[in-house]
Amino acid sequence: MSGFVEKPEPIQVPGLVHLHTGKVRELYRNEAGDLVMVASDRISAYDWVLPTEIPDKGRVLTQLSLWWFDQLADLAPNHVLSTELPPGAPADWEGRALVCKSLRMVPVECVARGYLTGSGLAEYDQSRTVCGLALPEGLVDGSELPAPIFTPATKAEVGEHDENVSYEEVARQVGADTAARLRQATLAVYSRARDVARDRGIVLADTKFEFGFDGDDLVLADEVLTPDSSRFWPADQWEPGRAQPSYDKQFVRDWLTSAESGWDRKSEQPPPPLPQHVVDATRAKYIEAYERLTGLSWS
């Protein structure tokens, strides 16, 4: 059992129809048929959306995605139409709301990995493969792969795990041509972002993208290259053979699994609220990632 500890009531805005509440985002449709995507300050861990929010997190995700969309514009068109606040929207949506094209979304999480960790490491330790792709012997947690790999996953509902699938399964689900286009675009965008991050002292270990179709054009959608969708490691602390320090919600995961939280991850009980020191440390880590990548000051 998992999902929302406390599912929020969506804000109602004249002229907007609420479509969906995700782990972090609220999705609306405006009268023109475009989508309005609003990033909240919610945070999730271990398939639970927690009851405690991280101040500014939604704005960081939105502004960092916009910065990356600009860096990638020559490689992949994106779904953003406007950053203007819809009429009647609450002031708190400033900086966290995007008006986007309505796309025919491809039901695949497009994951690129340049380093071995997470679920990829678990599979490698058993079979020397990741998503069925054979990898050389001798790799450890944090090893750089010989070349980036495309390791797609199925898109899960809130509270469920994404499941890694083979490229062949993706081709069966969406067609061989679309699968090939997804793989090419995912690896091209990852490679560009990896190089940009490396120049800023950050290792981009892996990331996931979502794509949709606007007519025949494959378009990058949702968020891109944020600490929620990517593993960013400080390059000067990268050391294969151990878990790497990261720019994400590791403070949250570590506290939830500590004795201090009193929470049993294997139970069906929802996690408790986060203490202020964990909230502050997590907010600082998101902002540090934004500032190091963009070179801009958050304040």
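What follows draws every value from the coordinates through simple rules; no lab data is involved. Computed from a predicted model, the values in this text were never measured in an experiment. Glycine also receives a Cβ, built like all others from the backbone with ideal geometry; neighbour counts cover every protein chain displayed.
Rounded to a whole number, what is D in µm²/s for the chain from Stokes-Einstein with the Kirkwood radius over alpha-carbon pairs (10 °C, 1.306 mPa s)? Provide the component values of the computation, followed by the final result.
Values: Rh = 20.1 Å.
In µm²/s, the coefficient is 79.
With each run of n ≥ 4 DSSP H residues scored as -39500 (n - 2.57), what mean residue ellipticity at 222 nm is computed for the chain after dividing by its residue count and rounding to the nearest 500 deg cm²/dmol? Kindly include the intermediate steps, with their values, before the conclusion.
Working: 6 runs with 83 residues, N = 299.
Taken over the chain, the calculation gives -9000 deg cm²/dmol.
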Mean Cβ neighbour count within 10 Å, used as a protection proxy, ranking 55-61, 103-109, 267-273 highest first:
55-61, 103-109, 267-273
I need the helices of the chain that pass two filters: whole DSSP H segments spanning 30 Å or more by Cα along the axis, and mean Kyte-Doolittle score no lower than -0.5.
176-199
Quick one: order Lys208, Lys285 by neighbouring beta-carbon count within 10 Å, fewest to most.
Lys285, Lys208
Normalised contact order of the stretch 104-237, rounded percent, pairs of Cα under 8 Å and 6 or more residues apart:
28
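Two-decimal Rg/Rh of the stretch 119-233 from alpha-carbon positions, Kirkwood Rh?
Details: Rg = 14.7 Å, Rh = 15.4 Å.
Radius of gyration relative to Kirkwood radius: 0.95.
Give the relative contact order (percent, whole number) for the chain; include only Cα pairs under 8 Å separated by 6+ residues. Walk me through the numbers before you get to the answer.
Working: 545 pairs, mean separation 57.4, N = 299.
Value for the chain: 19 percent.
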Points 7 angstrom from Cα along the Cβ direction at Gln276 and Ser299: gap in nanometres?
2.0
Where the centroid of each part is defined by its Cα atoms, how far is the stretch 1-54 from the stretch 235-292 in Å?
22
Shape metrics for the stretch 47-155, restricted to C-alpha atoms - Rg then Dmax, Å
18.7, 58
Residues whose modelled amide H sits under 5 Å from the amide H of Arg25, counting only those 5 or more places away in sequence or on another chain, are Ser40
At q = 0.08, 0.10 Å⁻¹, what log₁₀ I(q)/I(0) does a Debye calculation on the Cα points of the stretch 141-299 give, no solvent, two decimals?
-0.30, -0.47
